[in-house]
Ligand SMILES: Nc1ncnc2c1ncn2[C@@H]1O[C@H](COP(=O)(O)OP(=O)(O)OP(=O)(O)O)[C@@H](O)[C@H]1O
Ligand SMILES: [Mg+2]
């Protein structure tokens, strides 16, 4: 974990009207690690993630990618930079098929003149989607099924798969196992490990402390819109994490 | 965990596949059945129904409703609604008639003018919806009123008459025994159907209606696309308007009052969902045909126009209720 962090947030401030969702938040993600981002409801985790993925422009602060300051003016910028996100609300189009969702915004067009007028190569996308899901161990009846006909867990698996498939540097997962049963949760956690083994970094938001301690290399804790504590997962206990989330314990200097 | 495992085998998968297909096409199948029943009933009820004249008449009546309903379908898929179609069709029809009468334009040139007028109105709708962020209902309600006002102003509230016979070609002409209107409708349906189902733009239109925020986060230029949908819809409404004018060889400022209800009904009957993200051109064509038959049948059977309105109202309620019911059932599975 030497060198510049792959992704770093410094002193991010984000206000919604009078509410300051983030008041100087930091987050550090090193190359090839799984960072768990935890905090009580409303601590600002999802907001920080949306800032990092280009959904919200920050009011103040800096995002650094591989040591260089970047300004994401849209989610596309973040994705081009290799940062993929599974949002807490999933952001899937329910009426579209699994394949269409996996390729949303990056559809494959046909070759030749038909492609130039914008016609889609649906078969290539179906095949690509089926292969990707298979590889990731996500089981879906068919890639032509509309998302609305999937179970909550399958839906979440598709969203995770979409991020993992396209990411090159960082995958951000905002509560990716919230709706999942035991088996599906296992699969997602295995996927997280595989992503790390492939050399990417993962930011994992979760409320499940044992899960956090199991898969994460490091844990960063947010409270009231700031980072209040950092732990190496191997050295922390659930009690430490809870203490940090409630404000009883801080490891960061808060100015 | 509700995945279908290998163990379930091909039978299970076939069943699942069928269930999926049926649920996608259920509105279309229902509408087609209703259409067939109505068609047979009318053939039995009225000796005049199956005559060539009447079928031709139904054909061109369906054409105008269908073209404008196709426009409405595109807007409905984006989770919008276009209440201005009647006014814009009148405006475009009158504009087409006026350039023929006053400037000696041909019927084709007049059609181009009408389409351009429709596009302009659509552009205003589109900008109001996507950039001024007015709800589509309000944006197009304003256009409904403004458009109607404008058409009365430019005509002085009198129809545009004394047009040459040639202006009728579009609405009443025949090519190789097929009404010209049917050819135009088929071309429009194929083009828009292809655009929606096969193109990237179409894919994005469904995505925007299904989950606008997800579409935005996927990098889809939602405002530009939304504007484009309203412009395209406006062009089709303009085309429908000039066909309607051509059919009666005049520009009527009060044409299309209440037309929005017919075309919304057509789209919804065919499976377009007012909740966005769903709707297919095949369904809309069936719906348009059904509405045209209701209108035509009512005339043949001497049913008063007010009852027709009542029937269309009931149909809208039934279709939307059905859609909502279907959605709720799907959600409860989730
Ligand atoms: N779009 C928004 N508009 C207004 N306020 C917002 C918006 N998004 C978040 N907030 C506010 O910002 C604060 C932080 O919310 P956020 O969703 O980031 O919390 P969180 O840590 O993800 O919580 P949870 O664990 O419940 O998901 C909350 O007070 C929330 O109400
Ligand atoms: Mg959250």
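Just so you know, all these numbers are worked out from the coordinates, no wet-lab data involved. Here the structure is a predicted model, which is why all the values come from computation and not from measurement. Counting neighbours? That spans all protein chains shown, and the Cβs are built from the backbone with ideal geometry, glycine included.
For the reader, a short list of remarks on this structure follows.
- Extension gain (nm, one decimal) between residue B:55 and residue B:303, 0.36 nm per residue minus Cα-Cα: 87.4 nm
- Chain B: C-alpha gyration tensor shape, a/c 1.5 cut-off, then a/b vs b/c: oblate
- Neighbouring Cβ atoms from other chains, within 10 Å of the Cβ of residues in A:84-91, number 2 on average.
- Compared with the alpha-carbon gap, the fully stretched path from residue A:64 to residue A:108 is longer by 12.7 nm at 0.36 nm per residue.
- Max mean-square fluctuation residue, GNM over chain A, Cα-Cα springs under 10 Å, options A:201, A:73, A:53: A:73
- In terms of other Cβ atoms within 10 Å, A:14, A:109 run from fewest to most in the order A:109, A:14.
- Rounded to 10°, Cα long-axis angle of helix A:182-197 versus longest principal axis of chain A: 80 degrees
- If you run the Gaussian network model on chain B, springs between alpha carbon atoms under 10 Å, then out of B:247, B:21, B:295 the most flexible one is B:21.
- Of the two radii for segment B:185-334, the radius of gyration is 1.01 times the Kirkwood radius, both from the alpha carbons; that is the Rg over Rh value.
- Cα-based helix-to-principal-axis angle, B:136-155 vs chain B, degrees rounded to 10: 10 degrees
- For the protein assembly as shown, a/c is not less than 1.5, where a ≥ b ≥ c are the root eigenvalues of the C-alpha gyration tensor, and a/b tops b/c. That puts it in the prolate class.
- Counting only DSSP beta bridges with both residues in the protein assembly as shown, the antiparallel share comes to about 60 percent.
- Summary of the geometry: segment A:220-236 and segment B:98-130, compared by the centres of their Cα atoms, lie 62 Å apart.
- Acute angle (nearest 10 degrees) that the helix B:222-247 long axis makes with the longest principal axis of chain B, alpha-carbon atoms: 40 degrees
- Estimated [θ] at 222 nm from DSSP helical runs (n ≥ 4, -39500 (n - 2.57)) normalised by residues in chain B, nearest 500: -26000 deg cm²/dmol
- Choice from A:58, A:113, A:75 showing the highest fluctuation, given a GNM over chain A with Cα pairs closer than 10 Å: A:113
- Sorted by Cβ density within 10 Å, fewest first, the residues B:165, B:213: B:165, B:213
- Beta bridges by DSSP in chain A, antiparallel share as percent, to the nearest 5: 55 percent
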